[in-house]
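Working notes for the structure below.
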Amino acid sequence: MTNTANAKTATLSAAAECDYDYETREYTLRLDEPMHFEIEAKCATDTEAEALAAQFPKYVKANVRRYTRENTVTVEISATLRANGANGGVNETGVKRYRKAVEVLAATGYGLEVGCGFVNAYRTVEAFEAAIR
């Protein structure tokens, strides 16, 4: 999903597992192993943020955050996607949370773009979505 000039934008920060080689000081990314995601949708007012958060089902766990220093309010959604012994390789609940969040954001006029600069971050929405299929 890409942003248009008049659309509101939500920012996706998503990370993959990676290994660090202390001898060569290089990272090896494991892009087929998503680790975590966070979506942040900035809103103009507290009222707008509360209304947006109310659009999500409870299992999405949309939270309103107020940042007084920046004088901003956001709706944030996140989940750990890391594999563990109980989930068979991927946290399906986290994937379900992501997909529903994207669906609701699109229905409310938000585009989704990547906004994370970590070394193990997915560089595009499409790359992250390919990893969670």
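Per-structure values
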| read-out | value |
| --- | --- |
| Cα-based helix-to-principal-axis angle, 92-107 vs the chain, degrees rounded to 10 | 40 degrees |
| Extension gain, Glu70 back to Glu33 (0.36 nm per residue minus Cα-Cα distance, nm) | 10.0 nm |
| Calculated FRET efficiency for the pair Ala130/Asn63, C-beta based, R₀ 35 Å, to 0.05 | 0.80 |
| Segment Glu50-Cys18, length gained on full extension (0.36 nm per residue, minus Cα span) | 7.9 nm |
| Identified option (computed Cα extents along the principal axes in Å; candidates (1) 42, 40, 29; (2) 50, 31, 28; (3) 41, 30, 25) | (2) |
| Antiparallel %, DSSP beta bridges [both residues in the chain], to 5 | 85 percent |
| Exposure rule at most 13 other beta-carbon atoms within 10 Å, DSSP loop GluC sites (Glu not before Pro): the chain longest free segment | 71-133 |
| The stretch 8-131, relative contact order in percent, only Cα pairs under 8 angstrom and at least six apart counted | 32 percent |
| Of the chymotrypsin sites (Phe, Trp or Tyr not before Pro) in the stretch 6-77, those whose Cβ has at most 14 other Cβ within 10 Å and which sit in DSSP loop | Tyr22 |
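Every read-out reported here was derived from the displayed coordinates using simple, explicitly stated rules and does not represent laboratory data. Just so it is clear, the model here is predicted, and its values are computed rather than measured. Positions of Cβ are backbone-derived with ideal geometry, glycine not excepted, and every protein chain shown enters the neighbour counts.
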